[in-house]
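Here's the structure, in structure tokens; my notes come after.
The values are calculated or read from the model by the stated rules, or taken from the named source; none is laboratory data. Just so it is clear, the structure is predicted and the values come from calculations on it, not from any experiment. Using ideal geometry, Cβ is built from the backbone for each residue, glycine included, and neighbour counts are taken over all protein chains shown. The protein model used for the area step is the full one, side chains on, heavy atoms only, and it has no ligands, DNA or RNA in it. Shrake-Rupley method; radii C 1.70, N 1.55, O 1.52, S 1.80 Å.
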Amino acid sequence: MGIRICAPFVPSWYPSVTGIESNPRHDRQHCAKGGRKFHQYREYQSQSGNDTKGHMEWSKLGGTIGAVAITGYLVWKKSSSVAQLDAQKHHDIGNRKHEQALKHLPYFSRNEVAEHYDDSRRVWVSFRRGVYDVTEFSAVHPGGSRILMAAGGSLEPFWELYPVHQKSDVFHILEKYRIGNLNEDDVLETQESVDHFKGEPMRHPALIRRAEKPFNGETPPSLLIEKFHTPNDVFYVRNHLPVPQVDAKTYSLEIDGISLNEVSLSLQDIKKFPKVSISATIQCGGNRRTEMGKGKPVAGLGWTGGAIGNAKWTGARLVDVLRTAGFKPEAYKHPEKFHVKFDGLDTDQSGECYGASVPLSYLLDGNFDAILAYEMNDKPIPIDHGFPIRIVLPGIVGARSVKWLSRVSISDEESQSPWQQRDYKVFSPSVSLETVDFSAAPPIMETPVTSYICSHDDGDKVKKGPLKLQGYAFSGGGRRIIRVEISLDKGKSWNIAKISDTNDTNLENTRNWSWVLWEANINIQSSAEIWVKAVDSGYNQQPEDFKNIWNYRGLLATAYHKIYLDVLT
């Protein structure tokens, strides 16, 4: 099968480190390989929205997606122009203090700032004209220790890679920690910024752009009900870092860890394993965040109900591939103490990659269908979705299904990635960013039951009389949707919706990893608020509202979906 012993590749600038598998610094050493070992994959154009076969697929949908794509693009262009002007206004306001020296504060030189690089000396950073003591904030920084990369220096170079910081609310948080002004002579001169996102794949114009760098795009909910399997080009995109450029010919997947041999497999090696397919829904933990944020603001991308999609994933079973490295379940006498870790090729400036992990117990469950996927809906997996290999962990929040997979390992600790340790955790409604203790909650794994109305938007005007509502419902953990219910009178009475599509291509059909599409024919006589809820096979039901499940990150927003329909008279 062409198994090769791994030879470490570490950039010359990266510090030399040693240590056992569970050492997080060892993980960062491995991650430094991402994006530097590989070259641009030149064949990606055949997977983009320009693909002829892709256009044929639109025609199979009766032109719906094509029409929505054009309309959506024009609406987006118009709305984004207004939004950009508004955002720029707030951006300028947020910037103003950082551009100015505050007369009541002392002045510091860049050399003085550089002396404060750890907790023993206090952690200082500079940003434009300001100097900030972020010692306390570093403990609650959502990005974890990444903020310490700028300790004793400037934030500007790092915020070029993480443009999510370039907004007024972040500037206002930073301003709370201001202790002084940077000497005029030490203020960084304006330089041409480095575009870390150059050369990324083309995206379909129908995607609703929630962020440009890194790119995050949402599927218009009206498109989700067109097909049981969401077409690749309009499947939602959730990126955390620049998309790595990968050459399929030189790609390799490393496997190592406790009770495993260290091996490396090429893409062709992986394709020699038995080929299997599962139908599985992947959902962002922040799906429907905007609804949760209506009553009380939340932090994060403003997803509506389109940060979810269902696809046919094809590849090799993870357990089959691990056996090549000597994986034997009986070697782990106390499986609850072990974790399966996944690293991606997407990296930041330090070489740290996106990473996640799940408890080993998932792999020891014979009904759990973890797939090393190289095909998505019977096509090579697109670049934005993890080309050439991504792990698909069905029934688990999408943040764990790492894209551009470079390494799988078994460890006695979970991933130390900030996306595992700090992000994608849910806390009490009483917890804020200032008071959060990240160690007080486990990372999200299986997702709760949810449902959504896709055929109509909140505030739509409709005619009196018969009306067909359509949407999706999904529950994690392999639980099936057994019922979807609609109410026109705020829960006094309920109508049972028809589950119209339960196509299932799972391996053994012992678990259900896919959503269902549903429809309900109602007779609407006057303007009303429409509620939808779903019930899964564990008889779990959605909460009625967001008040008691609110969390400052806006995660797992699974309350009833409610829209108001205005009946024309």
Quiz item: Tell me, what is a quarter of the convex hull surface for the C-alpha atoms of the range 331-381, in nm² with one decimal?
Solution: 5.5
Exercise. Measure out, as a whole number of angstrom, how far apart the alpha-carbon centroids of the range 302-330 and the range 396-444 sit.
Key: 18
Quiz item: Which parts of the range 355-372 would a label at Lys333 reach, counting a residue when its backbone N lies under 20 Å from a point 7 Å out along Cα-to-Cβ?
Solution: 360-361, 364
Quiz item: Over the range 275-399, what is the relative contact order in whole percent, taking alpha-carbon pairs under 8 Å and six or more residues apart?
Solution: 29
Quiz prompt | Area of Glu184 that stays accessible when all protein chains are in place (1.4 Å probe, Å², to 10) | solution = 120
Quiz prompt | Inter-label distance for Ala101 and Gln525, nm, one decimal - labels placed 7 Å from Cα along Cα-to-Cβ | solution = 7.4
Quiz prompt | With all protein chains modelled, accessible area of Phe438 [1.4 Å, Å²] | solution = 20
Quiz item: Got a number for the accessible area of Ser361? Probe 1.4 Å, square angstrom, nearest 10.
Solution: 60
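Give the residue list of GluC sites (Glu not before Pro) in the range 198-238 that are DSSP loop and have at most 16 other beta-carbon atoms within 10 angstrom. It would help to have the intermediate numbers written out before the result.
Working: sites: Glu212, Glu218, Glu226; in loops: Glu212, Glu226.
Hits after loop and neighbour filter: Glu212.
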Practice problem: Considering only lysines 8 or more places apart in sequence, or on different chains, count the pairs in the range 460-569 whose C-alpha atoms sit under 23 Å apart. | Solution: 27
Practice problem: With a 1.4 Å probe and all protein chains in place, put Leu568, Leu488 in order of accessible area, largest first. | Solution: Leu568, Leu488
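Where does each of 456-469, 386-399 land if you order them by average Cβ count within 10 Å, highest first?
On the way: 456-469: 13.1, 386-399: 24.9.
In decreasing order of mean packing, 456-469, 386-399 become 386-399, 456-469.
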Exercise. Please give the length that would be gained between Ala440 and Arg323 if that part of the chain were fully extended, namely 0.36 nm times their separation in residues minus their C-alpha to C-alpha distance (nm, one decimal).
Key: 38.6 nm
